[in-house]
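Scroll down for the structure; my scribbles are underneath it.
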Amino acid sequence: STAMRRFLGPLLCLLALRLPAGSGAAARGLDVASYRERVRAMFYHAYEHYLESAFPYDELRPLTCDGQDTWGSFSLTLIDALDTLLILGNVSEFQRVVNVLQEGVDFDIDVNASVFETNIRVVGGLLSAHLLSRKAGLEVEAGWPCSGPLLRMAEEAARKLLPAFQTPTGMPYGTVNLLHGVNPGETPVTCTAGIGTFIVEFATLSHLTGDPVFEDVARKALKALWKNRSDIGLVGNHIDVITAKWVAQDAGIGAGVDSYFEYLVKGAILLQDKELMSMFLEYNKAIKNYTKFDDWYLWVQMYKGTVSMPVFQSLEAYWPGLQSLIGDVDNAMRTFLNYYTVWKQFGGLPEFYNIPQGYTVDKREGYPLRPELIESAMYLYRATRDPTLLELGRDAVESIEKISKVDCGFATIKDLRDHRLDNRMESFFLAETIKYLYLLFDPDNFIHNDGSDFDVVVTPYGECVLNAGGYIFNTEAHPIDPAALHCCRKRREEQWEVEDLMREFYSRKKTKKFTLKRAPDHGEGENAKDSQDASSEKAGEKRNSKKSSHSLLSCPSQSFNSKLAVLGQVFLDNT
């Protein structure tokens, strides 16, 4: 059906495309392997200097070779870089860092933390590392991925954020004290992205832990934004979370709004949720109608649609990648090429670029080594194999090394016009910029798995397929395995099976033909096989048959139609 084709668009970029050798890179003579190794060297130059000079602080200050806390004193760069280590193949350092974080990170601290940043960097980073632990060779608990030390840390961090959601609208405050909750007198004004960027991490937490509170608050916040959109279908930049009044009424796809749109699409794919996708598609129509001009996107007044700022922001460069996830590759490429012209003009993307004037905006000339254009190039290259996208990767490596590299790491570019530097290296440089660059140049990375390779693990609910590909990146580039969300939750079909089991049990008890052992409790992953062995010979025959029914004593981890998500299909066709 038309609806199904629209929902299956994300497959273009979530799964690897097998195109003929000689396409893309070879056509332009770009040495992909050489650039991949240069990106690897960039990572270690930054990472090792963080460990030497800045750990346990959040971030490295590369000009003075020391560290500083920025987002809450979590050793943030270490958490943010953890899954990048595995993508680069460094299993031993991944294992070491996991142990360091378990021993050293404490969330019971009197710190005012950004709810948004803590979620995407800390909760997202810990969840991703948790789901990759087995692949990294760590010895995991019997109940994994439904339990584990990194999952417990992620849950603890997320619980510290929950007080922020206790508002009349369900939209969260922007800041929370990790020890005391929301401070008295805290401003109720939050940016749109700070309200709508939780569903990926919080739904993952709910599905893994069985506690629905995380997904519930994330959904309520998403729906509150949807409810408060303007009559012409746009949302503004900042809103009062108590009164639901828009404080900043500029509508666009960039700073303050960006990851709200991103999470509607990624949440829809991750959860196979048509409602979230339909919300995005409605926004997409309004965005095209009111903000799009010649494949650029401007800022407009959310109620009238009149242009308020004819400006391109570097944060908007994620948009072509997002377009590719819904299958709109042609429009994505045209917009990407506009943004790439700005990169070539300056050797980076200035924070603000005046489109009519074709130059930077005063006091917004910097480039803090952001990943968004590289992120879009990675997605679009998976979809098209267009060599232009590799050329952006090449230019990024050359620019960053030439302008930003210093003895102790890579420094934020304060001004792209004269290449002055700032004494900061944001944690997203290792979490996102380096990761997307490496994945652009590494077509055979496990992240690009097309479903031909996978792992089968036993959970308290039975067998579960993992690492089959289709990873969903959160907005800090932490990959979440969508298959994991089907490993740890009881389904209605399972409840019916339990009822059938009880009827069978009492029936057999009366005839005294069978003796059944107790079925496993929620946490008894090691006993799952024992309980299967305790089933009757008749049930064993059923289990070995090719029929779709399950054995009475074995709870399936996921029904057949859900497994289609693991093997490549993103949305269910229930017809």
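The values are calculated or read from the model by the stated rules, or taken from the named source; none is laboratory data. These numbers were taken from a predicted model, which means no experiment stands behind them. All Cβ positions, glycine included, derive from the backbone under ideal geometry; neighbour counts span all protein chains shown. Accessible surface is based on the protein model in full, side chains and every heavy atom, while ligands, DNA and RNA are left aside. Shrake-Rupley method; radii C 1.70, N 1.55, O 1.52, S 1.80 Å.
Scan region 65-82 for residues that are open to solvent by 10 Å² or more (accessible area, probe 1.4 Å), among the hydroxyl-bearing types (Ser, Thr, Tyr) and within 22 Å of Glu93 (Cα to Cα) and the total you get is 2. Looking for something charged (D, E, K, R), touching a strand residue (DSSP E or B) at 6+ places or on another chain (Cβ under 9 Å), farther than 22 Å from Arg96 by Cα and without any contact (Cβ under 8 Å) to a residue 60 or more places away in the chain - is there at least one such residue anywhere in region 156-163? Yes. Inspection of region 93-106 identifies at least one residue that is under 20 Å from Asn474 (Cβ atoms), out of contact with any Cys (no Cβ under 6 Å at 6 or more places or on another chain) and open to solvent by 10 Å² or more (accessible area, probe 1.4 Å). When Leu322, Leu337 are screened for being under 30 Å from Ile269 (Cα atoms), crowded, with 24+ Cβ neighbours inside 10 Å and among the hydrophobic types (A, V, I, L, M, F, W, C), only Leu322 passes. Condition check: closer than 21 Å to Gly89 by Cβ, among the β-branched types (Val, Ile, Thr) and not in a loop (DSSP other than H, G, I, E, B). Does Thr388 satisfy that? No: the conditions fail for Thr388.
Pairing each residue of region 352-377 that is farther than 17 Å from Trp319 by Cα with any residue that is of a type in the set (Ser, Thr, Tyr) and surrounded by 24 or more Cβ atoms within 10 Å (Cβ to Cβ), provided the two are 6+ apart or on different chains, yields C-beta distances under 6 Å for Leu369/Thr433. Part of a helix (DSSP H, G or I), crowded, with 23+ Cβ neighbours inside 10 Å and touching a Lys or Arg at 6+ places or on another chain (Cβ under 7 Å) - does that describe any residue in region 189-200? Checked region 189-200: at least one residue is part of a helix (DSSP H, G or I), crowded, with 23+ Cβ neighbours inside 10 Å and touching a Lys or Arg at 6+ places or on another chain (Cβ under 7 Å). Screening Leu380, Leu369 for residues that are in contact with a helix residue (DSSP H, G or I) (Cβ under 7 Å, 6 or more places away or on another chain), over 21 Å from Leu86 (Cα atoms) and in a helix (DSSP H, G or I) leaves exactly one candidate, Leu380.
Of the residues making up region 12-51, those that are in contact with a Gly (Cβ under 8 Å, 6 or more places away or on another chain) and either at pLDDT 50 or above or not hydrophobic (A, V, I, L, M, F, W, C) (or both) number 5.
Figure legend. Inter-residue proximity from region 91-108: first residues assigned by the TED database to the domain that holds Asp80 and touching a residue at least 60 places away in the same chain (Cβ under 8 Å), second residues open to solvent by less than 30 Å² (accessible area, probe 1.4 Å) and not in a helix (DSSP H, G or I), beta-carbon distance below 8 Å, spacing 6+ or different chains. Indicated pairs: Phe107/Phe74; Phe107/Leu178; Asp108/Leu178. Can you find a residue in region 176-185 that is touching a Gly at 6+ places or on another chain (Cβ under 6 Å), open to solvent by 10 Å² or more (accessible area, probe 1.4 Å) and either not acidic (Asp, Glu) or not in a loop (DSSP other than H, G, I, E, B) (or both)? No. Screening region 450-482 for residues that are acidic (Asp, Glu) and assigned to a strand (DSSP E or B) and picking the one that is most open to solvent (accessible area, probe 1.4 Å) gives Glu463.
Test Asp58 against the criterion of being under 26 Å from Val397 (Cα atoms) and touching a strand residue (DSSP E or B) at 6+ places or on another chain (Cβ under 8 Å), and give yes or no. When the stated conditions are applied, Asp58 passes them. On the basis of being open to solvent by 10 Å² or more (accessible area, probe 1.4 Å), touching a residue at least 12 places away in the same chain (Cβ under 8 Å) and among the hydrophobic types (A, V, I, L, M, F, W, C), does Val235 make the cut? No; evaluated as a whole, the condition is false for this residue. Within region 282-297, identify whether any single residue is buried (at least 22 other Cβ atoms within 10 Å of the Cβ), touching a Leu at 6+ places or on another chain (Cβ under 9 Å) and within 16 Å of Phe352 (Cα to Cα), and answer yes or no. No: zero hits.
Within region 141-152, the only residue that satisfies the criterion of being open to solvent by 20 Å² or more (accessible area, probe 1.4 Å), outside any loop (DSSP other than H, G, I, E, B) and touching a helix residue (DSSP H, G or I) at 6+ places or on another chain (Cβ under 6 Å) is Pro149. Residues that are of a type in the set (D, E, K, R) and farther than 26 Å from Glu476 by Cβ were ranked within region 275-317; the one that is nearest to the chain's Cα centre (by Cα) is Glu282. The residue that is farthest from Met42 (Cα to Cα), counting only those in region 409-449 that are open to solvent by less than 50 Å² (accessible area, probe 1.4 Å) and among the acidic types (Asp, Glu), is Asp415.
Scanning region 69-92 for residues that are modelled with pLDDT of 95 or more and over 16 Å from Glu476 (Cβ atoms) returns Asp69, Leu88, Gly89, Asn90, Val91, Ser92.
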